[in-house]
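**Student:** Here it is, the structure in full.
The values are calculated or read from the model by the stated rules, or taken from the named source; none is laboratory data. This is a predicted model, so every value here is computed, not measured. Glycine also receives a Cβ, built like all others from the backbone with ideal geometry; neighbour counts cover every protein chain displayed. Heavy atoms of the whole protein, side chains included, go into the accessibility calculation; ligands, DNA and RNA do not. Shrake-Rupley method; radii C 1.70, N 1.55, O 1.52, S 1.80 Å.
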Amino acid sequence: MAPVTPVQRVPPGVREDGEDTSLLRVEPAGRVEGVARVPPDKSISHRAAIVAAMARGETVVENFLPSLDCLATLQCLRQMGVEVDGPDAAGTIRVRGRPLQEGGLAEPADVLDTGNSGTTFRLLCGLVAAHPIFVVLTGDRSIRRRPMQRVVDPLRAMGATVACRKGGLAPVAIQGGQLRGVRWRLPVASAQVKSAVLLAGLQAAGRTVVEEPLPTRDHTERMLAYFGATVERGDGWAAVQGGQHLRGQRLRVPGDISSAAFVWAAAAALPGSRVLTPGVGLNPTRRAVLEVLAEMGARVQVEPAREEGPEPWGDVEVAWAGPLRAVHIRGARTAQLIDELPVLVALATLAHGTTVVEDAQELRHKESNRIEELAAELAALGLHVQTRPDGFVVEGPQRPEGGEARSRGDHRLAMALTVVALAARRPSRIHEARCIQTSFPGFAALMHQLARPGGGCVVEEDRDGR
Ligand code: S3P
C-alpha cells in the first residue's frame, strides 16, 4: 500500500492554541443560480471508514469527505494500526480492515484526538470497547464539553471498563475486552450512540438490541448490512448478533443532504433563485428538510437515481417560488432535522408567520449550544428569534441588516449565518469561519460561484482579530 497521507492537524487560519482567525465576508446577493456539487456525506464517510476497519480484506470508498472531522476518523484508525491510503485527489480511500477475528486493532501509543467530531468520538468508543486494548479519546474544547455519559453507560453495561471526567465528559479512557450483548434503550434519540452500541454489539457475545425513542439516521445499520452483517430492524429498534464476519467492499459516498440544505435555503430565500444539486443522499431518515422547504414555499424537485451501494441518492433542484411561509417542527420531525435546524431557523426569520421549533433540546449539546448561540449571532445580523428550553419561536418576516457575527466554532452556525447574510441589506462578516472545514470544504467558493448579481462569499484571514 502507498504511504499514509499526513493529516494537517492545524488548518490555516487556526493558531496552535485553537483560536480561529479566519473570516468570511458576505456580500448580499440578488439570487443564487447554477449547479452545486455539494461535498460527500459526513455521517456516511465516517461509517464507511470505521466499518471497513472491522471488515476482512480491503475496502475502497469513493467520494470520501476530506473534511477535518472525517480526516480525524482516518487518523485515529491509523493510530490503531489500520492501513488507510488516501484520500487521493479524486476522494478515494482504501482501507485494510483489522477485524477482531483476525487479531483486531492495535493499542494506540497515544491518545486519540477526535478534533471537533462527535461522530468520530462516539463511534470509535463502540469500535474499540471490544478490543483488549487501552484507548483514551479526547478532542477539542467543544468535544470536551459535550455529553459522553450516554456512550459510557452502555459500554460499561456490556463489560468494558470505562472512565471519564466528572459529568460524563471527555477525555474518556476505555480498557476494552470481551463484551456481552445487551438490550439498551437510548435515553435520547442519537444516531451516534445507537451506532456505538451496534458496533460494540457486533463484536460481543450474544445479541445486542438498541431501542430508540424516535427514529434517527440509519446509516450504520445500512453500512453493516452492506458489508455482509445481518441487522434485524423493527419499529424503534435494531439488533445484531455478535461475532458476525464483515467483508471489505467497494462503495461511493453520496453528497451530503445536510450540506446541500445551506445551498437550498439560499435558493428558497432569494427571489429568482434556482439551484440543482446532483448526487445527493436521499436516505428517508435525512430527507425531512426537503419536505420543510416545500412547506415553506420553495419549489423542490427530486429525481431519484438507481440505487446502488448502501444508500439511496438522486438529483435535487430547489427554486424560489414566492414568499416563504412559517412552519411548525416538533417530535419525530425535529429528530430527523437535527442538523438542518440552524439553517431552517435562520430561514424562518424571512418567512411570513410564526415558526415554532419544539423538542430540540439536543441542539444545546452540539458543536455549540445551537439554541442560545444561534439566537445571539442572528441578533448580531439584526434578526430576532425567541429561544425556549427546547427550541425557538420565530416571528417573520424580518429583513436582516447584516453586520458582524461569529461562528462560535460551529460550522453549521457559520453557514446558517451566511445564508441570511446573503439576503441582508448590507455586507456582513462572519468571524471564526475556519470551522466550516469540519463538514463543508469549499463552502464559500461554492456560494460565491452561485451568487449573482454581484454578491457572494470570500474567506480571508481576520486582521482585526475580533
Ligand atoms: C450524527 C448524528 C447526529 C448529528 C451529527 C451526526 C451521526 O448526532 O447531529 O451531526 O453521524 O450519527 P447525535 O447522534 O448526537 O444526535
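**Student:** Out of the residues in the stretch 33-48 that are open to solvent by less than 10 Å² (accessible area, probe 1.4 Å) and farther than 13 Å from residue 69 by Cα, which is nearest to the chain's Cα centre (by Cα)?
**Tutor:** Checked the stretch 33-48; the qualifying residue nearest to the chain's Cα centre (by Cα) is 48.
**Student:** Condition check: within 22 Å of residue 183 (Cα to Cα), surrounded by 18 or more Cβ atoms within 10 Å (Cβ to Cβ), over 18 Å from the mean Cα position of the chain (by Cα) and of a type outside the set (Lys, Arg). Does residue 155 satisfy that?
**Tutor:** yes
**Student:** Return the residue satisfying two criteria in turn: it lies in the stretch 178-192 and is open to solvent by 30 Å² or more (accessible area, probe 1.4 Å) and not aliphatic (A, V, I, L, M), and of such residues it is farthest from residue 241 (Cα to Cα).
**Tutor:** The residue in question is 187.
**Student:** Evaluate the stretch 180-195: report whether one residue or more is touching a strand residue (DSSP E or B) at 6+ places or on another chain (Cβ under 8 Å) and more than 25 Å from residue 235 (Cα to Cα).
**Tutor:** no
**Student:** Let me ask something else. Given the criterion touching a strand residue (DSSP E or B) at 6+ places or on another chain (Cβ under 6 Å) and surrounded by fewer than 19 Cβ atoms within 10 Å (Cβ to Cβ), identify the matching residue among 453, 427.
**Tutor:** 427
**Student:** A further question follows. Does the stretch 284-297 contain any residue that is free of Cβ contacts under 8 Å to residues at least 12 places away in the same chain, small (Gly, Ala, Ser) and open to solvent by 20 Å² or more (accessible area, probe 1.4 Å)?
**Tutor:** yes
**Student:** For the subset of the stretch 64-78 comprising residues that are open to solvent by less than 40 Å² (accessible area, probe 1.4 Å) and in a loop (DSSP other than H, G, I, E, B), which member is nearest to residue 109 (Cα to Cα)?
**Tutor:** Result: 67.
**Student:** What is the residue count in the stretch 260-283 for residues that are in a loop (DSSP other than H, G, I, E, B), open to solvent by less than 10 Å² (accessible area, probe 1.4 Å) and over 18 Å from residue 346 (Cβ atoms)?
**Tutor:** The number of residues fulfilling the criteria is 2.
**Student:** Out of the stretch 110-152, which residues are part of a helix (DSSP H, G or I), open to solvent by 30 Å² or more (accessible area, probe 1.4 Å) and either hydrophobic (A, V, I, L, M, F, W, C) or within 12 Å of the ligand (Cβ to nearest atom) (or both)?
**Tutor:** Hit for the stretch 110-152 is 150, nothing else.
**Student:** Let me ask you something else. Residue 204: more than 16 Å from the ligand (Cβ to nearest atom), buried (at least 20 other Cβ atoms within 10 Å of the Cβ) and touching a residue at least 60 places away in the same chain (Cβ under 8 Å), yes or no?
**Tutor:** Criteria met by residue 204.
**Student:** If you don't mind, another one. Considering only residues that are crowded, with 22+ Cβ neighbours inside 10 Å and more than 21 Å from the chain's Cα centre (by Cα), which ones fall in the stretch 323-376?
**Tutor:** Scanning the stretch 323-376 gives 324, 327, 348, 349, 350, 351, 355.
**Student:** Say whether the condition of being crowded, with 24+ Cβ neighbours inside 10 Å and within 15 Å of the ligand (Cβ to nearest atom) is met by at least one residue in the stretch 91-105.
**Tutor:** Looking for residues that are crowded, with 24+ Cβ neighbours inside 10 Å and within 15 Å of the ligand (Cβ to nearest atom), one finds none in the stretch 91-105, hence no.
**Student:** Check whether at least one residue in the stretch 92-103 is in contact (Cβ under 8 Å) with a residue 24 or more places away in the chain, over 20 Å from residue 254 (Cα atoms) and among the basic types (Lys, Arg), and report yes or no.
**Tutor:** yes
**Student:** I'm trying to understand the selection: among the residues of the stretch 212-230, which are open to solvent by 30 Å² or more (accessible area, probe 1.4 Å) and either away from the ligand (no atom under 14 Å from the Cβ) or modelled with pLDDT under 95 (or both)?
**Tutor:** Residues satisfying the conditions are 225, 226, 228, 230.
**Student:** Anything in the stretch 342-358 that is in contact (Cβ under 8 Å) with a residue 40 or more places away in the chain and not small (Gly, Ala, Ser)? List them, or say none.
**Tutor:** 342, 343, 344, 345, 347, 349, 350, 352, 354, 355
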